[in-house]
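A.B. asks: Before we start, here is the structure in question, set down as structure tokens.
The values are calculated or read from the model by the stated rules, or taken from the named source; none is laboratory data. This is a predicted model, so every value here is computed, not measured. For neighbour counting, all protein chains shown are included, and Cβ atoms are generated from backbone atoms with ideal geometry for every residue, glycine included. Protein only, heavy atoms only, side chains kept; ligands, DNA and RNA dropped before computing areas. Shrake-Rupley method; radii C 1.70, N 1.55, O 1.52, S 1.80 Å.
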Amino acid sequence: MSEPGRTSRPLIKKTLTLDDYVAGIRSGDRVVLSRAITLIESTRPDHRDLAAALLERCLPFAGQSVRIGITGSPGVGKSSFIESFGLHVLSQGHRLAVLAVDPSSKLSKGSILGDKTRMPQLSLQENAFIRPSPAGDSLGGVARQTRETIVLCEAAGFDVIVVETVGVGQSETAVRSMVDFFLLLLLPGAGDELQGIKRGIVEMADLLAVNKADGDRLTLARRAKAEYQLALHLFPPKKSQWSPKVSLCSALNGYGISDIWQEVLLYRQQTMQNGYWPHQRSEQLRAWLYEEIEQQLRQLFFESPAIQAAMPGIEASVVEGRLSSYKAAAELLTLLIGSLSSKEPH
Ligand code: GDP
């Protein structure tokens, strides 16, 4: 599968214009795509403006991929699985992007997830693109950057997007809200394991896969599969009308990997037919809108010079019990609105 422009020399100009970015992305140029993602991750106001314009330009070409979230405890074999699964997906003629949401990556000094060195074979493939987690201050920020990165990758012609995360904190929920299909990887040795994984995460999954189903662990993995299958019966039916299954796989020898891709395709077919696929996408877009409004309001508020000037005094009044927090917040908002309207051109 050759892409127009993919063989051309990557743009090495120091500064890329908006048109350069769009042209590079649309021709599937991974160097330009990487630079565009860096732009999206930047907090500089001029970069934010350019990134917003770039997203607008890319949106009409986005949305056509299958977005798959993958989670599991550290050591379950996520990167090995993505390597093996990814190579299979490429063999089916697809182009694959692997992204990651790891809100701890800043603390751990560097990205744990999505690191190319964890997927050595996949990273050599021309039709694969691997990007580590953005290192943000908040999960909200990291999630937003990843959502925007999905748009860019889709505009660059990647039709399968994998978003990897790890079973800590709220990151699964964030990833669930940006993908079509959510895969939970498990280890053989069910009983204890099931308790280690939060019930909510199992409930979010569209497929459970017991990895490392090879060698001595195959029997254990089969037993785990049966136990998880029983556990799944305890959950209420999904809105998608899809019944999650439990698969066995081995990222090491490839066992079960193609079946998991088949499950993804079956899910897409069923939920396209019953309308859940587009419904979920719309609901995700709606939720992001509200999230974005909240973030922008918060930013507007806390970055306002008027608020910053008034805050210490009002805060002290509240802390000393002279002013209720309700009234204080209302006063601050009135102040913000006043300062904004006085800035408006006459
Ligand atoms: P991650 O932390 O979830 O990304 O896990 P890794 O992919 O780094 O795998 C952790 C360890 O498990 C590594 O030593 C892998 O070689 C091993 N591993 C991963 N998948 C399998 C598998 O299917 N079978 C076996 N036997 N080992 C595996």
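A.B. asks: Considering each residue of the range 21-48, count those that are touching a residue at least 40 places away in the same chain (Cβ under 8 Å) and under 21 Å from the mean Cα position of the chain (by Cα), and give that number.
C.D. replies: So the count comes out to 9.
A.B. asks: Just to be sure I understand, how many residues within the range 268-294 are farther than 23 Å from residue 142 by Cβ and of a type outside the set (D, E, K, R)? Can you show your working first?
C.D. replies: Of the residues in the range 268-294, the ones farther than 23 Å from residue 142 by Cβ are 268-279, 282.
Next, from what is left, pick out any that are of a type outside the set (D, E, K, R): 269-279, 282.
Counting residues in the range 268-294 that are farther than 23 Å from residue 142 by Cβ and of a type outside the set (D, E, K, R) gives 12.
A.B. asks: Tell me which helices (runs of 4 or more DSSP H) are completely within the range 273-346 and hold 2 or more residues being surrounded by 11 or more Cβ atoms within 10 Å (Cβ to Cβ) and more than 36 Å from the chain's Cα centre (by Cα), or say none if there are none. Spell out how you get there, then give the answer.
C.D. replies: Values: elements: 276-302, 305-319, 325-343.
Where helices (runs of 4 or more DSSP H) fall fully within the range 273-346 and carry at least 2 residues being surrounded by 11 or more Cβ atoms within 10 Å (Cβ to Cβ) and more than 36 Å from the chain's Cα centre (by Cα), they are 305-319, 325-343.
A.B. asks: Within the range 231-272, work out how many residues are open to solvent by 30 Å² or more (accessible area, probe 1.4 Å) and within 16 Å of the ligand (Cβ to nearest atom).
C.D. replies: Taking the range 231-272 and keeping what is open to solvent by 30 Å² or more (accessible area, probe 1.4 Å), we get 233-239, 241, 243-245, 252-255, 258-259, 262, 265-266, 268-270, 272.
If we keep only those that are within 16 Å of the ligand (Cβ to nearest atom) as well, we get 252-255, 258-259.
Qualifying residue count, the range 231-272: 6.
A.B. asks: What are the residues in the range 138-165 that are in a loop (DSSP other than H, G, I, E, B), touching a strand residue (DSSP E or B) at 6+ places or on another chain (Cβ under 9 Å) and open to solvent by 20 Å² or more (accessible area, probe 1.4 Å), if any?
C.D. replies: Restricting attention to the range 138-165, the residues satisfying the condition of being in a loop (DSSP other than H, G, I, E, B) are 138, 156-159.
Subsequent filtering for residues that are touching a strand residue (DSSP E or B) at 6+ places or on another chain (Cβ under 9 Å) retains 156, 158-159.
Hit for the range 138-165 is 159, nothing else.
A.B. asks: Can you confirm whether residue 103 is more than 15 Å from the ligand (Cβ to nearest atom), at pLDDT below 95, out of contact with any Asp or Glu (no Cβ under 7 Å at 6 or more places or on another chain) and within 21 Å of residue 179 (Cα to Cα)? Write out each step before concluding.
C.D. replies: Working: more than 15 Å from the ligand (Cβ to nearest atom): yes; at pLDDT below 95: yes; out of contact with any Asp or Glu (no Cβ under 7 Å at 6 or more places or on another chain): yes; within 21 Å of residue 179 (Cα to Cα): yes.
Spelling it out, residue 103 is indeed more than 15 Å from the ligand (Cβ to nearest atom), at pLDDT below 95, out of contact with any Asp or Glu (no Cβ under 7 Å at 6 or more places or on another chain) and within 21 Å of residue 179 (Cα to Cα).
A.B. asks: In the range 189-204, what count of residues is obtained for those that are at pLDDT 90 or above and either small (Gly, Ala, Ser) or over 15 Å from residue 245 (Cα atoms) (or both)?
C.D. replies: Of the residues in the range 189-204, 0 are at pLDDT 90 or above and either small (Gly, Ala, Ser) or over 15 Å from residue 245 (Cα atoms) (or both).
A.B. asks: When the residues of the range 58-76 are narrowed to those that are near the ligand (Cβ under 6 Å from one of its atoms) and crowded, with 21+ Cβ neighbours inside 10 Å, which ends up farthest from residue 271 (Cα to Cα)? Walk me through it before giving the result.
C.D. replies: Pass one, the range 58-76, residues near the ligand (Cβ under 6 Å from one of its atoms): 72, 74-76.
Keeping just the survivors that are crowded, with 21+ Cβ neighbours inside 10 Å gives 72, 76.
Numbers: 72: 24, 76: 29 Å.
Within the range 58-76, the match that is farthest from residue 271 (Cα to Cα) is 76.
A.B. asks: For residue 189, are the conditions met, namely being within 16 Å of the ligand (Cβ to nearest atom) and more than 15 Å from residue 76 (Cα to Cα)? Give the derivation first.
C.D. replies: Details: within 16 Å of the ligand (Cβ to nearest atom): yes; more than 15 Å from residue 76 (Cα to Cα): no.
When the stated conditions are applied, residue 189 does not pass them.
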